[in-house]
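Asker: This structure is in structure tokens; I'll ask about it shortly.
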Amino acid sequence: MSNLKKGVWAALLSNILFGVLYLYSGWMQPMGGTDVFAWRMVSMLAALWLILLLSHGWHDLFRFAYKVGRDWRKWALIVLPTPIVASQLWLFMWAPVNGYGVDVAMGYFLFPLVMVLCGRLFLGEAVNRLQWLAVALAGAGVAHELWQTHAFSWVTIWVFATYPVYYLLRRLLCVPALTGLLIDLTLIAPFALGYLLLQTNGFAIWAAPSRFWLLIPLLGIISAAAMQLNLHASRLLPVTLFGMFSYLEPVLLFALALLVLKTPLAAESLITYGLIWAALCLSLLDGWLKMRRAPHMVGKPATASA
């Protein structure tokens, strides 16, 4: 099998697994979304360390730590965005079971378009006419929602407004994707574990056999596998093709929110979604045109995902 085909399969499987994680909080009820998030942080960290030990990937982690050395200022900048990714991972598990499933998906729809603007403003990256038109359509969609309802979901705003800060800081500091995620989880997991210890029934689920004995380890394994496949795809696929696959996740999340979670969709919001979807279609067209012009580009590693 060619690297291209392997990359495509890895990208598809990673997005499917992220969709599974999106539904996971519903399967773990009556456990709340925050409880599921806490268990995910602990089990995912354990699963990632196991993968690193089996694949000897810990060499890269120690190499990066040695390179940074005792530069405490750089370490401070590296851990500065960790609360952002913690809040995003919590929101991903909490929102679907609290009626905000569609809002999370819309945040992920808008996120790549906001990244285009951030790349132009902070990294000096060129933005072509199709990208500007896509950003304008997305902005029109947001403006319509504000005009129609006089509000915009805080969940959507939090996803597309804070995630770019995390990505930009990690990119400017040249933090490898998996290394950055391990640093984040190593910092988040103790708080998650402390939260579970403070809960009245935090560890009571282990007192007697139950479905949680299977669901919690699977939560960590699926989370780690989804990230590993995503990183693998980013190395095997051309940059533009990998970017196009990044739109598959919000589409899948949106469909799951409507069809599986039965999240209501207001009729007056259809124009908002239509404008944002049109913007995404233009972004996909732009990516396809770039891929045709530069078929031999090498994929860039992803930084993080839900």
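Asker: Say we look at segment 153-171 and pick out the residues that are within 14 Å of G107 (Cα to Cα) and of a type in the set (A, V, I, L, M); which of these is surrounded by the most Cβ atoms within 10 Å (Cβ to Cβ)?
Answerer: V159
Asker: Under 9 Å between Cβ atoms, at least 6 apart or on separate chains: pull out the pairs that start in segment 61-82 with a residue that is in contact (Cβ under 8 Å) with a residue 24 or more places away in the chain and assigned to a helix (DSSP H, G or I) and end on any residue that is surrounded by 10 or more Cβ atoms within 10 Å (Cβ to Cβ) and acidic (D, E).
Answerer: Every condition considered, the pairs that remain are V79/D184; T82/D184.
Asker: So, in segment 249-271, exactly how many residues are at pLDDT 80 or above and assigned to a helix (DSSP H, G or I)?
Answerer: Step one: filter segment 249-271 for residues at pLDDT 80 or above, giving 249-264, 270-271.
Narrowing further to those that are assigned to a helix (DSSP H, G or I): 249-259, 270-271.
The number of residues fulfilling the criteria is 13.
Asker: OK, next. Being modelled with pLDDT under 90 and either exposed (fewer than 15 other Cβ atoms within 10 Å of the Cβ) or charged (D, E, K, R) (or both) is the filter here, so list the residues in segment 174-196 that pass it.
Answerer: Listed by number, the list holds a single entry, C174.
Asker: From the list V68, V97, which residue is under 29 Å from L261 (Cβ atoms) and either of a type outside the set (D, E) or buried (at least 17 other Cβ atoms within 10 Å of the Cβ) (or both)?
Answerer: After ruling out the rest, the residue left standing is V97.
Asker: Could you check, for segment 200-215, whether at least one of its residues is under 23 Å from V68 (Cα atoms) and hydroxyl-bearing (S, T, Y)? Write out each step before concluding.
Answerer: Going through segment 200-215, the residues under 23 Å from V68 (Cα atoms) turn out to be none.
Checking segment 200-215: not a single residue is under 23 Å from V68 (Cα atoms) and hydroxyl-bearing (S, T, Y).
Asker: Also, quick follow-up: Would you please name the residue that is farthest from F37 (Cα to Cα), looking only at residues in segment 288-306 that are at pLDDT 70 or above and within 24 Å of the chain's Cα centre (by Cα)?
Answerer: Applying the filter and picking the extreme gives W288.
Asker: Now a separate question. Counting only residues that are over 17 Å from the mean Cα position of the chain (by Cα) and of a type in the set (A, V, I, L, M, F, W, C), which one in segment 1-40 is surrounded by the fewest Cβ atoms within 10 Å (Cβ to Cβ)?
Answerer: Checked segment 1-40; the qualifying residue surrounded by the fewest Cβ atoms within 10 Å (Cβ to Cβ) is M1.
The values are calculated or read from the model by the stated rules, or taken from the named source; none is laboratory data. All figures in this text were calculated on a predicted structure; none of them were measured in a lab. Methodologically, a virtual Cβ is constructed for each residue, glycine included, from the backbone with ideal geometry; neighbour enumeration extends over all protein chains shown.
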